[in-house]
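Following: one structure in structure tokens, then a few remarks.
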Amino acid sequence: MLKLTIDGRPVEVSEGTTILEACQFLGIEIPTLCHLEQLKAEGSCRMCVVEVEGVKNLQVSCATPCWDGMVVQTKSERVVSFRRLILELLLANHDTDCFNCPATGRCKLYQYAMEYGVEGSRFVRFKEHHPKDESSEFFNYDPSKCILCRRCVRVCNDLQVNHTLSLKNRGPDTWVGLPFDKLFKDSNCVSCGNCVSVCPTGALTAKAAKSFRIWEVTKTRTTCPYCGVGCQMDLLVKNGEVVGVEPAHGRANPGILCVKGKWAYHFINHPDRLKTPLIRKDGQLQPVSWDEALDYVVEGIKKIKEESGPDAIAGFSSARVTNEENYLFMKMMRAVVGTNNVDHCARL
């Protein structure tokens with residue numbers, strides 16, 4: 001274990017722990033714009049800098065490992081002044097029409113500007129922005145709000161492994177774009193939306209985000225219903241209606257979702273959605289309780305088995321339940337009903 005001091009507070013961490021991780025252990029908040037815990041730190045935004053005793057330059061806390069005896073200051077005058085400078089440089093080329101931005105309330109750049117008292121920039125805008133891309137069915141891309149944190153690029157390339165986004169050009173002309181300057185609808189984008197989920201500003205926003213602000217919704221942790229992987233996600237609920245989905249960090253998904261998990265939630269609010277079991281009575285489907293429906297199924301299986309044998313029965317399982325539930329269904333059909341006629345809908 002390594003012993004160090006952060007803002008006058010002693011702490012012990014294991015070898016290889018970064019300064020940012022040590023600060024998080026102590027509950028000390030460090031501003032970050034480029035950092036993602038599921039990816040290797042690259043320290044490109046410089047917002048997380050701290051002052052280390054005996055070291056000349058400020059150190060990026062997300063990529064600097066701790067050492068024994070280290071003394072760290074996270075809010076010294078030098079650190080705060082540097083962070084303000086970074087914010088001014090970012091705001092110089094950032095569209096600050098926050099009133100009309102769907103990311104209002106969750107934009108980290110706005111949050112930090114307010115926290116550090118940065119109301120504008122002394123620097124002159126030095127780049128022209130590319131036009132908006134609203135071709136995707138699910139999200140919009142506004143380059144004028146991009147701060148080049150590379151979160152979207154790294155998630156697309158390293159986690160989703162789709163290689164749709166990249167940094168194009170160099171110097172002041174750098175921007176996040178697609179191969180051959182294509183639109184999203186004409187590219188190899190699979191609409192997973194993971195770039196939208198990690199964007200710290202309003203550069204990438206869900207089209208549905210215009211219908212709510214983040215302070216209007218509550219978050220409910222749940223499991224994605226679309227397959228047996230078990231990805232964790234948070235439902236965004238406004239006035240009893242699901243208005244969005246955010247990926248959570250689960251054992252099956254490192255903060256990412258597929259296109260279905262991220263965007264296909266509208267069925268929840270559909271008026272034709274079945275909410276109770278139905279049994280056909282006198283030629284009409286009638287709503288019944290689960291107990292009555294299950295008793296009906298059991299009696300039907302018993303009757304067919306007695307009259308025609310177990311192989312007259314087939315079981316059809318679902319790809320939208322867990323692997324464990326599918327295993328139990330298979331065991332039930334083979335051990336209880338007595339048939340190997342078990343099929344699955346995963347290939348549809």
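Run through the DSSP bridge list for the chain and note the antiparallel percent, rounded to the nearest 5.
Details: 34 of 39 bridges.
If I count the DSSP bridges inside the chain, around 85 percent turn out antiparallel.
Using only the C-alpha atoms of the chain, find the volume of their convex hull and express it per residue in Å³. If you can, show how the numbers build up before the last one.
Details: hull volume 68.9 nm³, N = 348.
With only Cα atoms used, the chain gives 198 Å³ per residue.
What number, in nm² with one decimal, is the all-direction average of the projected area of the convex hull of the alpha-carbon atoms of region 2-75?
4.5 nm²
For region 278-344, give the magnitude of the charge dipole about the Cα centre (Cβ charges: +1 Lys/Arg, -1 Asp/Glu; no others), in debye to the nearest 20. Walk me through the intermediate numbers first.
Working: 8 positive and 11 negative charges, 26 e Å.
That gives region 278-344 a dipole magnitude of about 120 debye.
I'd like the orientation of helix 290-308 relative to the chain: the angle between its Cα long axis and the longest Cα principal axis, in ° from 0 to 90, rounded to 10.
50 degrees
Please order M1, M70 by the number of other Cβ within 10 Å, starting at the fewest.
Details: M1 9, M70 22.
Starting with the residue having the fewest Cβ neighbours, the order is M1, M70.
At what distance in angstrom do the alpha carbon centres of region 214-272 and region 27-92 lie from each other?
If you average the Cα positions of each part, the centres end up 33 Å apart.
Using +1 at the C-beta of Lys and Arg and -1 at the C-beta of Asp and Glu, which of Q73, G228, P277 has the Cα lying farthest in the positive direction of the dipole of the chain?
Q73
Return the calculated 222 nm mean residue ellipticity for the chain, to the nearest 500 deg cm²/dmol, obtained by summing -39500 (n - 2.57) across DSSP H runs with n ≥ 4 and dividing by the residue count.
Values: 8 runs with 74 residues, N = 348.
Computed ellipticity for the chain at 222 nm equals -6000 deg cm²/dmol.
Using a Gaussian network model of the chain with C-alpha springs under 10 Å, which one of D181, D311, D173 is most mobile by mean-square fluctuation?
Comparing D181, D311, D173 in the GNM, the peak value goes to D311.
Treat the count of other C-beta atoms within 10 Å as a stand-in for reagent exposure and order R334, R151 from fewest to most.
Values: R334 15, R151 26.
Least crowded to most crowded, the residues run R334, R151.
Taking only the C-alpha atoms, wrap a convex hull around region 53-168 and report its volume per residue in Å³ as a whole number.
165 Å³
Can you compute the charge dipole magnitude of the chain about its Cα centre, using +1 on each Lys and Arg Cβ and -1 on each Asp and Glu Cβ, nothing else charged? Give it in debye, rounded to the nearest 20. Walk me through the numbers before you get to the answer.
On the way: 43 positive and 41 negative charges, 113 e Å.
In debye, rounded to 20, the chain gives about 540.
Going down the list K145/K262; K127/K207; K275/K302; K40/K210; K302/K331; K281/K331, which pairs span over 24 Å between their C-alpha atoms?
K127/K207; K275/K302; K40/K210; K281/K331
Which of the aspartates and glutamates could a cross-linker span from K168 if the Cα-Cα distance has to be under 12 Å and same-chain partners fewer than 8 positions apart are dropped?
D181
Which angle from 0 to 90°, rounded to the nearest 10, does the C-alpha axis of helix 77-92 make with the longest principal axis of the chain?
70 degrees
Write down the Å³ per residue value for the convex hull defined by the alpha carbon atoms of region 219-273.
Roughly 72 Å³ of hull volume per residue.
Using the 10 angstrom Cβ neighbour count as an exposure proxy, how do K303, K56 rank, fewest first?
K56, K303
For a quick check, take a GNM of the chain with Cα springs below 10 Å and name the residue from H94, H129, H270 with the largest mean-square fluctuation.
Highest fluctuation of the listed residues: H270.
Can you compute the equivalent ellipsoid semi-axes for region 206-348, i.e. the square root of 5 times each eigenvalue of the Cα gyration tensor, sorted largest first and rounded to whole Å?
On the way: eigenvalues 272, 85, 25 Å².
The equivalent ellipsoid of region 206-348 has semi-axes of 37, 21, 11 Å.
Kindly state, to the nearest 0.05, the FRET efficiency for I268 paired with N157, given R0 = 35 Å and r defined as their beta-carbon distance.
Efficiency, from the Cβ-Cβ distance: 0.65.
Once amide H atoms are built 1.01 Å from N in the peptide plane, which residues 5 or more positions from L2, or in another chain, come under 5 Å H to H?
Under 5 Å from the amide H of L2 lie the amide H atoms of V13, S14, E15, each far enough along the sequence or on another chain.
Among DSSP bridges having both ends in region 2-75, what percentage is antiparallel? Round to the nearest 5.
85 percent
Read-outs: derived from the displayed coordinates by stated rules, not from any lab. Bear in mind the structure is a predicted one, so any value in this text is a computation, not a measurement. Ideal geometry is used to build each Cβ from the backbone, glycine not excepted, and the neighbour counts take in all protein chains shown.
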